[in-house]
Amino acid sequence: MKTARLPLTLLLALMALAAGCSTFQGRATEKAVVFSALDPATQARLKEGLLQIGDTMDMAYIALGEPDEKRDQISAAGGAVVWIYHRFWQDYQGEALVGYRTIRAGGPGVAPLYAPVTEGVYQGREEEYLRVTFKDGKVTVIERPKA
């Protein structure tokens, strides 16, 4: 019986560890060596999700998490890596008819009465909200679209 529980316990622990990395605390724990070496002001800034020019890739990961997209950039000045973050949400589009339900069953000689059933319609949206460019492992450009 104990051997059957071990794989399940291990699986649950791995799932909890993976889920924890999507939070600031999980990422700071994952990169504990880097985070603990930072001064308290920098730790507080990263906790707020704020980057500065000169921050490392590890610091950006701690502050913002894994980017939605990574791109390599080649220019006359050399190579760079660009991390792109997106915002996701759903827009309400209204109601759609999905069918009918019986609200009163008809008896002998009486027709049944039906009522429409509707459901909300949502459209998934996505927009880029941040680009971070790294050269030699350090932040060199932070781009935010104008609001």
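The values are calculated or read from the model by the stated rules, or taken from the named source; none is laboratory data. Everything numeric in this text was worked out from a predicted model, so none of it was measured. Counting neighbours? That spans all protein chains shown, and the Cβs are built from the backbone with ideal geometry, glycine included.
Data for the structure
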read-out	value
Selection within region 65-91 - in a strand (DSSP E or B), surrounded by fewer than 10 Cβ atoms within 10 Å (Cβ to Cβ) and at pLDDT below 95	ILE74, SER75, GLY78, PHE88, ASP91
Matching residues in region 92-112 - criterion: being of a type outside the set (Val, Ile, Thr) and in a strand (DSSP E or B)	TYR92, GLN93, GLY94, GLU95, ALA96, LEU97, GLY99, TYR100, ARG101, ARG104
The lone exception for ILE62 - which of (1) assigned to a helix (DSSP H, G or I); (2) under 23 Å from GLU127 (Cβ atoms) it fails	(2)
Residues located in region 31-46, provided they are out of contact with any helix residue (DSSP H, G or I) (no Cβ under 6 Å at 6 or more places or on another chain) and assigned to a helix (DSSP H, G or I)	ALA32, VAL33, SER36, PRO40, ALA41, THR42, GLN43, ALA44, ARG45
Qualifying residues in region 78-111 (those that are within 42 Å of the chain's Cα centre (by Cα) and free of Cβ contacts under 8 Å to residues at least 24 places away in the same chain) - the one farthest from ASP55 (Cα to Cα)	THR102
When residues of region 47-59 are limited to those that are among the hydrophobic types (A, V, I, L, M, F, W, C) and assigned to a loop (DSSP other than H, G, I, E, B), the one farthest from PRO145 (Cα to Cα)	ILE53
One residue from GLY107, GLY99, GLY120 being on the phi > 0 side of the Ramachandran plot and either modelled with pLDDT under 95 or of a type in the set (Gly, Ala, Ser) (or both)	GLY99
Cross-chain or 6+ apart pairs with Cβ under 7 Å, region 133-145 first and loosely packed, with under 15 Cβ neighbours inside 10 Å, then of a type in the set (Lys, Arg)	GLU143/ARG131
